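Enquirer: Below: one structure in structure tokens.
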Amino acid sequence: MTGNYQKAEGAGGAGGRPPAGDAALTTMTAAQMAKAVADGELSAVELAQAHLDRIELTDVAVRAFLHVAPEAALAAARKVDEERAAGKPLGPLAGVPLVLKDVFTTKDMPTTCGSKILAGWQPPYDSTITKRLRHAGIVILGKSNMDEFAMGSSTENSAFGPSRNPWDLKLIPGGSSGGSSAAVAAYQAPLGIGTDTGGSIRQPAAVCGLVGTKPTYGGNSRYGVVAFASSLDTPGPLARTVLDAALLHEVMSGHDPADSTSLDAPVPPVVAAARNADVAGLTIGVVSELSGEGYETGVLTRFNETVELLESLGAKVQEVSCPHFTYALPAYYLIAPSECSSNLARFDAMRYGLRIGDDGEASAEDVMSMTRAVGFGAEVKRRIMLGTYALSSGYYDAYYGKAQQVRTLIVRDFDQAFEQVDVLVSPTTPTTAFPIGERADDPMAMYLADLCTIPSDLAGNAAISVPCGVAPENGLPVGFQVMAPVLADDRLYRVAAAIETALDQRRGYPLLTQARGLDQIADVTEAGR
Amino acid sequence: MTTTAIKPVPFDLATSKYEPVIGLETHVELGTVTKMFCGTPVTFGAEPNSAVCPVCLGLPGSLPVINKTAIEYTIKIGLALNCSIASWCRFARKNYFYPDMPKNFQISQYDEPLCTDGWLEVEVDGHEFTIGIERVHLEEDTGKSMHVGGATGRIHGADYSLVDYNRAGIPLVEIVTKPIPGTAALAPAVARAYVAELRDLLRSLDVSDVRMEQGSLRCDVNTSIAPIGSPDWGTRTETKNVNSLRSIERAVRSEVERQAGVLDAGGRIVQETRHFQEDTGATTSGRSKEEAQDYRYFPEPDLVPMAPAREWVEEIRASLPELPAARRVRLQAQWGLSDLDMTALRNADALDLVAETVAAGAPAGPARNWWLEELSRRANDAGIELAALAISPAQVARIIELVEQGQLNNKLARVVVDGVLAGEGSPDEVVASRNLAVVTDTSVLAAAVDEAIAANPDIAAKIADGKIAAAGALVGVVMKATKGQADAASVRELILQRCGAGN
């Protein structure tokens, strides 16, 4: 039954132990799964069960999930199988399993945002994207771990403990969408959904060897996405292949009247672009400010090779200066905390979530204060305080106001750059995955992980991270970032598909098979038996 | 410094030394079908927390979407107040923690209000005042807290609090005046007249039911005083939630008296929020502005800026109805009433009632009289507003008609009013059930007159001798015999006729 599908077995000399037996279903691409379901070669229930088994076997080591929903997943899968049997037309990803970041509301699963303050909260409504996934017949396996309220780059800020990088379980899987990246890299799900506020999709994709897209701001509905920073938060796909990411991108995108910042524009033709791996004639700008000191040698080596690769494929390459990108990080750390200080004010123990100190004597104010003191982690508190300060009267102009001016200048840098080039490129993140605990006590070092991704969040344009090999010195994946103008998301996929195709051909086996963490996962799970 | 022991200065004395400056902030709940940022219906008196949804409850992940009708209503109000309408403006978040605020921030407007710089004319005792309008902006209402236990009904000292979020998210328009100087001893009356005029204006625009007692129109009153002739204004206080026309007048008055007392004693006015006490008519100290919150306003990132198209604004302008001031001029001319009559009608809040009574067919004079005299007295006795009386303008018009036709006399008409107010039905039903019609049957009347003459021959003789004034005594006898249901003029005529003194 599974004989025709490309599997990871026999991947030349890479040492990784891919899932064996029925679990091999989990190494298929989402596109292959959807086709197999549509053709009747594989049932959606079988697929869902294979992934649920894989999760049960491996998540003790990976810890990607905060909530696994076997019953809901199997019910959704059964519905797809029934619809197919009834001859109803299926969507392009019907029957394909997916893991949803725990920041999207789900009426049949808890939504915690990785925070103690929302532990056990069951929303009474589905986010728009949750609804679209269900409508498309996508099977939601469960909710993935994340840095608390999406604040972080490692999942170490989750109140429920960090997730592990399938390339090496001692390493962070990136963040804040690190649960989704870990799950997809560990073959627990072929597709994941994350949100990107400062790089929270692209950085985890980069350090886990995945494709991750931050679509144009407004291209994906934020309704039902628990807000971190409203003007930046952007839902997007994570996948093991460019085409899979594009397929999910297309399903989840589109105008939503319930989100006032949602763009009323057609979804860019991302799937067609992912199938058209041709960069001949495209002008590519290398951002000079996103390189140099602070970047690992291996990251720059693979990045530069990939730029040369694109040139060899017929793209025109030139260097482009975006002078204000240097100020993106400080501007971001004023704007995002300012918005978060207001967005997170609602967690006050009055209506839902954690309540501490309500002994019948304490005032409402005291209960709010105690609950927030206990319920929020250190990083969330740090950002609430930063934002509260930046918005205070007397400081507003110097901090929030100035940061907004910088934001405008960054938009202008992009506008001017895109007058010269079709896309901009840079490393996704300055380093490969770092060890759990290494930066946990050094917020500034942690913040630097988002140095290259933040400009596109501030400007609202589209960006993708696509794997460009492993760093020679440590064998860990390196992400290559492509940035495109607002609503030109399709260009991302054209470039990413070209890179993926060329590198896969050159390598001869899927990148993920080099993930030695998959051995560790097997070791941990065997030890656990 | 404690000010509690300082005695207020009587108002006349206070205003002989000090010049008050007042300002008003009025909140108006708009009468839209749905709330400001979601599709939840706007309701009053529904089961607590039944008219809510994820958006107006501020549940995590929910997002606001602007109600276009609320924008239209706000522009309407702005235009009627002679304001400029912004071609581009934004909502802002006003951040503060309070249990009845679902998100712990209120979506409001800060430095970019929808309407700015207008005016409204009011008249007090023949003096015209042009009240400057600083701004008209749109925001969402909060939920309603009920503090149970404790002496004040406020959160401090309460045993526990209950919150009803039905009101949360109802569109709320805030209308802020510029400071109003130069009103001297008329300050309380001007404050009242402004709110009354504003209320009439909003009612004519049909954008709110403007019920002060239900809280759909709420006022904060700013008051300051300075020695007459002083180039500077005094420090102002803000008296919150003054919720009737009478209270507005009293709040300004008592605050002027209190501040004069403080200044006379060599004290200093503290800039603070004060609470109006309905029972005493005085204000008490709330929190001072020195410990006031920093609202950390910033542009609402969940909403895109508003840019009302000029054509749309002009369409709204063209659709404005006749405004109250113009209507009053027209009605006064049509009704032939004096300035004094019109003022009396407005003060009694009877203008619309009279207009509706006239529209139902009654002449203006009797309509004015009924509402200002008999019916005002009934409302006063019952302690309710005139409009709340259980009698409709159409019913009043019918009673007037019955009197005009001679089917009721004034005394009987008052009995009919009793019946209508008691819920006995329409005027005609009350007349029938209480058997109140004037006796017009001349044979019945003639019999009664003959009886009276027979019983009082000496009086009849006097009348026959030409002492016509004596007829009054016989009229009394007949009226008594007919239990007041006869028309006195007809009876008198009949008596004169029977006694041979008619011609």
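The values are calculated or read from the model by the stated rules, or taken from the named source; none is laboratory data. Bear in mind that the values here come from a model prediction, so they are computed numbers and not experimental data. Don't worry about glycine lacking a Cβ; one is built from the backbone with ideal geometry, like all the others, and counts go over all protein chains shown.
Enquirer: For residues that are out of contact with any strand residue (DSSP E or B) (no Cβ under 8 Å at 6 or more places or on another chain) and outside any strand (DSSP E or B), scanning just segment B:99-124, find the one that is farthest from the other protein chains (Cβ to nearest Cβ).
Expert: Among those that are out of contact with any strand residue (DSSP E or B) (no Cβ under 8 Å at 6 or more places or on another chain) and outside any strand (DSSP E or B), it is B:M101.
Enquirer: Now for a separate question. If A:T297 passes every condition in (1) within 14 Å of chain B (Cβ to nearest Cβ); (2) more than 24 Å from the chain's Cα centre (by Cα) but one, which one does it miss?
Expert: Evaluating A:T297 over (1) within 14 Å of chain B (Cβ to nearest Cβ); (2) more than 24 Å from the chain's Cα centre (by Cα) leaves (1) as the failure.
Enquirer: Mind checking which residues of segment B:99-131 are touching a Gly at 6+ places or on another chain (Cβ under 9 Å), surrounded by fewer than 21 Cβ atoms within 10 Å (Cβ to Cβ) and modelled with pLDDT under 95?
Expert: B:D100
Enquirer: Within segment A:340-369, count every residue that is of a type outside the set (A, V, I, L, M), assigned to a helix (DSSP H, G or I) and touching a Lys or Arg at 6+ places or on another chain (Cβ under 9 Å).
Expert: Number satisfying all stated conditions: 5.
Enquirer: Another question, then. Looking at B:G169, B:G215, B:G229, can you tell me which residue is more than 18 Å from the chain's Cα centre (by Cα) and at pLDDT below 95?
Expert: B:G229 is the lone residue from the list that is more than 18 Å from the chain's Cα centre (by Cα) and at pLDDT below 95.
Enquirer: Additional query: Only one of these is modelled with pLDDT of 95 or more, at negative phi and in contact with a Ser or Thr (Cβ under 8 Å, 6 or more places away or on another chain): A:A136, A:A150, A:A186. Name it.
Expert: A:A186
Enquirer: Yes or no: A:L391 within 27 Å of A:E148 (Cα to Cα), within 13 Å of another protein chain (Cβ to nearest Cβ) and buried (at least 21 other Cβ atoms within 10 Å of the Cβ)?
Expert: Judged against the criteria, A:L391 is a match.
Enquirer: Here's a follow-up. Which condition number in (1) at pLDDT 95 or above; (2) assigned to a helix (DSSP H, G or I) is the one that A:A24 fails?
Expert: Looking at each condition in turn, A:A24 falls short on (1).
Enquirer: Of all residues in segment A:153-163, which are in contact (Cβ under 8 Å) with a residue 60 or more places away in the chain and on the phi > 0 side of the Ramachandran plot?
Expert: Result: A:G161, single match.
Enquirer: Starting from segment B:358-375, take each residue that is touching a residue at least 12 places away in the same chain (Cβ under 8 Å) and surrounded by 15 or more Cβ atoms within 10 Å (Cβ to Cβ) and list its partners that are of a type in the set (S, T, N, Q) and not in a helix (DSSP H, G or I), counting only C-beta distances under 9 angstrom and pairs at least six apart or across chains.
Expert: Pairs that qualify, where the first residue is touching a residue at least 12 places away in the same chain (Cβ under 8 Å) and surrounded by 15 or more Cβ atoms within 10 Å (Cβ to Cβ) and the partner is of a type in the set (S, T, N, Q) and not in a helix (DSSP H, G or I), are B:A360/B:S392.
Enquirer: Check whether at least one residue in segment A:325-334 is within 14 Å of chain B (Cβ to nearest Cβ) and either touching a Lys or Arg at 6+ places or on another chain (Cβ under 8 Å) or more than 26 Å from A:D457 (Cα to Cα) (or both), and report yes or no.
Expert: yes
Enquirer: All but one of (1) closer than 21 Å to A:K107 by Cα; (2) in a helix (DSSP H, G or I); (3) touching a Pro at 6+ places or on another chain (Cβ under 7 Å) hold for A:L47; state the number of the condition that does not hold.
Expert: That leaves (1) as the condition not met.
Enquirer: Whether any residue in segment A:264-277 is at pLDDT below 95, touching a Ser or Thr at 6+ places or on another chain (Cβ under 6 Å) and on the phi < 0 side of the Ramachandran plot is what I want to check.
Expert: yes
Enquirer: If you don't mind, there's one more thing I want to ask. Go through (1) farther than 30 Å from B:W233 by Cβ; (2) more than 30 Å from the chain's Cα centre (by Cα); (3) of a type in the set (S, T, N, Q) one by one and return the number of the condition B:Q293 breaks.
Expert: Exception for B:Q293: condition (1).
Enquirer: Let me confirm something: among A:D519, A:D441, A:D415, A:D504, which residue is assigned to a loop (DSSP other than H, G, I, E, B) and not aliphatic (A, V, I, L, M)?
Expert: Going through A:D519, A:D441, A:D415, A:D504 in turn, the sole match is A:D441.
Enquirer: I would also like to ask the following. For the condition at pLDDT 95 or above and under 23 Å from the mean Cα position of the chain (by Cα), what is the one hit in B:T69, B:T32?
Expert: B:T32
Okay, residues lined up against (1) touching a residue at least 12 places away in the same chain (Cβ under 8 Å); (2) surrounded by 19 or more Cβ atoms within 10 Å (Cβ to Cβ); (3) polar (S, T, N, Q):
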| residue | (1), (2), (3) |
| --- | --- |
| A:L238 | yes, yes, no |
| A:D244 | yes, yes, no |
| A:L248 | yes, yes, no |
| A:S253 | yes, yes, yes |
| A:V267 | yes, yes, no |
| A:A272 | yes, no, no |
| A:D278 | yes, no, no |
| A:G281 | yes, no, no |
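Enquirer: Still on this structure, please answer the following. When residues of segment A:197-233 are filtered for being of a type in the set (V, I, T) and more than 13 Å from every other protein chain (Cβ to nearest Cβ), how many remain?
Expert: The total comes to 5.
Enquirer: Turning to a different aspect of this structure: State all residues of segment B:297-319 that are more than 14 Å from chain A (Cβ to nearest Cβ), surrounded by fewer than 17 Cβ atoms within 10 Å (Cβ to Cβ) and within 20 Å of B:N67 (Cα to Cα); if no residue qualifies, say none.
Expert: Answer for segment B:297-319, where residues must be more than 14 Å from chain A (Cβ to nearest Cβ), surrounded by fewer than 17 Cβ atoms within 10 Å (Cβ to Cβ) and within 20 Å of B:N67 (Cα to Cα): B:A309, B:R310, B:E311, B:W312, B:E314, B:E315, B:R317, B:S319.
Enquirer: Among all residue pairs at least 6 apart or on different chains, which show Cβ distances below 8 Å where the first residue, located in segment A:300-323, is more than 21 Å from A:R494 (Cβ to Cβ) and in contact (Cβ under 8 Å) with a residue 24 or more places away in the chain and the second is assigned to a helix (DSSP H, G or I) and aliphatic (A, V, I, L, M)?
Expert: Every condition considered, the pairs that remain are A:C322/A:I410; A:C322/A:A417.
Enquirer: What are the residue pairs meeting all of these: first residue in segment B:198-216, first residue closer than 14 Å to B:L245 by Cβ, second residue charged (D, E, K, R), Cβ atoms under 7 Å, and 6 or more apart or on different chains?
Expert: Listed by first residue and then by second, the contacts come to B:V210/B:R199; B:V210/B:R203.
Enquirer: Out of B:A184, B:A193, B:A189, I need the residue that is exposed (fewer than 15 other Cβ atoms within 10 Å of the Cβ) and touching a residue at least 40 places away in the same chain (Cβ under 8 Å). Which one?
Expert: Step by step, each of B:A184, B:A193, B:A189 is checked, and only B:A184 is exposed (fewer than 15 other Cβ atoms within 10 Å of the Cβ) and touching a residue at least 40 places away in the same chain (Cβ under 8 Å).
Enquirer: Just wondering, is there one or more residues in segment A:429-444 that are closer than 30 Å to A:A272 by Cβ, out of contact with any Lys or Arg (no Cβ under 8 Å at 6 or more places or on another chain) and surrounded by 17 or more Cβ atoms within 10 Å (Cβ to Cβ)?
Expert: Looking through segment A:429-444, none of the residues is closer than 30 Å to A:A272 by Cβ, out of contact with any Lys or Arg (no Cβ under 8 Å at 6 or more places or on another chain) and surrounded by 17 or more Cβ atoms within 10 Å (Cβ to Cβ).
Enquirer: A follow-up question, please. Could you tell me which residue of segment B:45-94 is farthest from the other protein chains (Cβ to nearest Cβ), considering only residues that are of a type outside the set (S, T, Y) and assigned to a strand (DSSP E or B)?
Expert: In this case the residue turns out to be B:I85.
Enquirer: Which residue out of A:T130, A:T105 is within 14 Å of another protein chain (Cβ to nearest Cβ), touching a helix residue (DSSP H, G or I) at 6+ places or on another chain (Cβ under 8 Å) and among the polar types (S, T, N, Q)?
Expert: A:T105
Enquirer: Further question: For segment B:438-472, how many residues are assigned to a loop (DSSP other than H, G, I, E, B) and surrounded by fewer than 15 Cβ atoms within 10 Å (Cβ to Cβ)?
Expert: Within segment B:438-472, residues that are assigned to a loop (DSSP other than H, G, I, E, B) and surrounded by fewer than 15 Cβ atoms within 10 Å (Cβ to Cβ) number 5.
Enquirer: Within segment A:394-439, restricting attention to residues that are within 14 Å of another protein chain (Cβ to nearest Cβ) and touching a residue at least 60 places away in the same chain (Cβ under 8 Å), which residue is nearest to the chain's Cα centre (by Cα)?
Expert: A:R407
Enquirer: I'm told B:G266 meets every condition in (1) without any contact (Cβ under 8 Å) to a residue 60 or more places away in the chain; (2) crowded, with 16+ Cβ neighbours inside 10 Å except one. Can you identify the failing condition by its number?
Expert: Failing condition for B:G266: (2).
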